[in-house]
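Colleague: Sharing a structure, written as structure tokens. Questions coming.
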Amino acid sequence: MKKTILSLNCGSSSLKYNLFLVNDDNTVEPVINGVVEEIGNLERSTMKFELNGTKKKYEMPFANHEDALKDMFKIFEDHNMKKESIVAVGHRVVHGGSVYKESILIDEHVKSTIEELSPVAPLHNPVNLQGILVAEKLLPGVPNIAVFDTAFHGDIEQPAFRYAIPDKWYNDYMVRRYGFHGTSHLYVSRRAAKILNIPYNKFNCITAHLGNGSSIAKVNNGKSCDTSMGFTPLEGVIMGTRSGDLDPAIIGHVAKNIAKDEDMELGDAYEKVMNMLNKDCGLKAIGGTNLMQDIRAKALEGDEFSENIVNIYAYRIAKYIGSYMATSDGCNAIIFTAGVGENEWYVRQKTLEYLKGFNFVIDDEKNKIRGEEIQFATGTYNGSEVKVFVLPTDEEVVIAYDSLYIGYLHKQAPDVYPFEQ
């Protein structure tokens, strides 16, 4: 029986999964992937999956993540993939705090730490832990591996991660910059180093993971040195429904006004503001939709309002990229990835146009290619060439390899991943 690796990403009401076949040379290749949505909503929950290029979707009442996983295993069985073939399960865990700087085999201590970090990731860590517990129940004896969103940023130093706050907040309440999307930033930066034939430990780049959630990272000598998301995924550039950076005094000001206007307790008004900053701001608030493709389409049709939204969005991204380049010894590449980064050529063009001091020259034809690894622009910094790429991200393959090496081969995660070779 061929061995397989299962990658799981549990959300509060969703479950994303990928099954990888392990080849004889310990490389992996994707077999099936899918997502369960609206878990807990028995009237609307659905299962989607893709196999051999064919996509399928059906409605099924999933009361919880255990029901979803059981149905996932049934799909595997229906397509001649037995759950007994699974030799390791990799879990995307959003927050590892300052404790975990790399992926790790899950034991009772790791589970306790994930739970202890729940106050700083209340929307993610509890459900990530739930996915781990369910996988342990349904696949007894199979090793589980935690792959942390924050791990890639674990070596960021104090000038970048420390906020100007009282020591008690920092020491007792764990308030500092952590950063997220680390697995994506790791993948695309390593791919770019490979494409440019530069040793990763000597590679400098800026990675722009732009999607419904977005973050920018500065990578120097193969290590993350700074990143736009902070204590939570709310800080940084404008996102689909998240505000990104704003003056913190706005929160109290708006909460007081909501409490007055809606005859609400101040604490309840504060909770409403925080919820809105995460779910009703960003592009959704200023553009009327969280879908950049819709805004961009209207902008290209000459709609002045939509054009202005694209400009606001791109300018904030350019500010981060420019500051990261200015504080780097050098920059070999800028990389755009994720849903918006990979697919929205107009956003990429606008972003580079705002970076006036770097003299970017864009190949318009290449910039409009979708779904491929492509270099589409070149600029200069400190007399050296800076190449600009679109690289489709693949967080799942990183999870698969970390799980294969740590969980099945009983080694450390690879220093050089097969996708770099």
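Computed from the coordinates by the stated procedures, all read-outs in this text should not be read as laboratory data. Quick caveat, the model's predicted, so the values are computed rather than measured. Note that we place each Cβ from the backbone using ideal geometry, even for glycine, and neighbour counts take in every protein chain shown.
Colleague: Order the peptides 244-255, 173-184, 404-415 from the highest to the lowest mean number of other Cβ atoms within 10 Å of their residues. Walk me through the intermediate numbers first.
Modeller: Values: 244-255: 13.2, 173-184: 23.0, 404-415: 16.5.
Highest mean packing first, the order is 173-184, 404-415, 244-255.
Colleague: On to the next question. If we sort 377-383, 305-311 on the protection proxy, mean other Cβ atoms within 10 Å, highest first, what's the order?
Modeller: Details: 377-383: 15.4, 305-311: 17.4.
So the peptides 377-383, 305-311, ranked by packing, come out 305-311, 377-383.
Colleague: Give me the orientation-averaged projected area of the Cα convex hull of region 319-421, in nm², one decimal. Before the final figure, lay out the partial values.
Modeller: Details: hull surface 31.2 nm².
Spelled out: convex hull of the Cα atoms, projected over all directions, averaged, 7.8 nm².
Colleague: Counting just the Cα atoms, what span does region 242-282 cover along each of its three principal axes? Round to the nearest Å and put the largest first.
Modeller: Cα spread of region 242-282 along its principal axes, largest to smallest: 28, 18, 14 Å.
Colleague: I need the calculated FRET efficiency for the pair Arg162 and Thr54, taking r as the beta carbon distance and R₀ as 45 Å, to the nearest 0.05. Let's see the in-between values first.
Modeller: Working: r = 50 Å, r/R0 = 1.11.
Between Arg162 and Thr54 the formula returns 0.35.
Colleague: Something else: Using only the Cα atoms of region 10-60, what do you get for the radius of gyration and for Dmax, in Å?
Modeller: Cα only, region 10-60: 13.5, 45 Å (Rg, Dmax).
Colleague: Restricting to lysine pairs 8 or more places apart or on different chains, what number in region 321-421 have Cα atoms under 25 Å apart? Write out the running numbers ahead of the final one.
Modeller: Values: Lys350/Lys366; Lys350/Lys368; Lys350/Lys387; Lys356/Lys366; Lys356/Lys368; Lys356/Lys387; Lys366/Lys387; Lys368/Lys387.
Value for region 321-421: 8.
Colleague: For q = 0.09, 0.11, 0.12 Å⁻¹, what log10 I(q)/I(0) does the chain give under the Debye formula with an equal point scatterer on each alpha carbon and no solvent?
Modeller: One equal scatterer on each Cα of the chain leads to -0.59, -0.89, -1.07.
Colleague: Answer with one residue from Leu210, Ile250, Cys225: the one whose Cα lies farthest towards the positive end of the charge dipole of region 176-281, charges on Cβ with Lys, Arg +1 and Asp, Glu -1.
Modeller: Cys225
Colleague: Still on this structure, I have one more. Which part of region 24-66 falls in the paramagnetic zone of Ser13, meaning amide N under 13 Å from the point 7 Å along Cα-to-beta-carbon?
Modeller: 37-46, 62-64
Colleague: Multiply the residue separation of Tyr354 and Val99 by 0.36 nm, subtract the distance between their alpha-carbon atoms, and state the gained length in nm to one decimal.
Modeller: Values: separation 255, 0.36 × 255 = 91.80 nm, distance 3.77 nm.
Full extension of this stretch gives 88.0 nm more.
Colleague: Calculated from DSSP H runs of 4 or more alone, at -39500 (n - 2.57) each and per residue, what is the 222 nm mean residue ellipticity of the chain, nearest 500? Numbers along the way, then the final one.
Modeller: Values: 15 runs with 155 residues, N = 421.
About -11000 deg cm²/dmol.
Colleague: Anything in the chain that counts as a DSSP H helix reaching 24 Å or more along its axis (C-alpha) with Kyte-Doolittle mean of at least -1.0? List them, would you? Please list the in-between numbers first.
Modeller: Details: long enough: 304-326 (32 Å, 0.12).
Those that clear 24 Å and a mean of -1.0 are 304-326.
Colleague: Something else about it: With a 10 Å radius around each residue's Cβ, average the other Cβ atoms per peptide and rank 21-32, 292-303, highest first. The partial results should precede the final answer.
Modeller: On the way: 21-32: 14.9, 292-303: 16.5.
Answer by packing, highest mean first, reads 292-303, 21-32.
Colleague: Can I ask one more? Evaluate the charge dipole of the chain about its Cα centre and quote only its size in Debye, nearest 20, assuming +1 on the Cβ of each Lys and Arg and -1 on the Cβ of each Asp and Glu. Before the final figure, lay out the partial values.
Modeller: Values: 44 positive and 57 negative charges, 126 e Å.
Computed about the Cα centre, the dipole is about 600 debye.
Colleague: Same structure again: What is the calculated FRET efficiency for Leu133 to Ile369, with r their C-beta to C-beta distance and R₀ = 41 Å, to the nearest 0.05?
Modeller: Numbers: r = 43 Å, r/R0 = 1.05.
Approximately 0.40, to the nearest 0.05.
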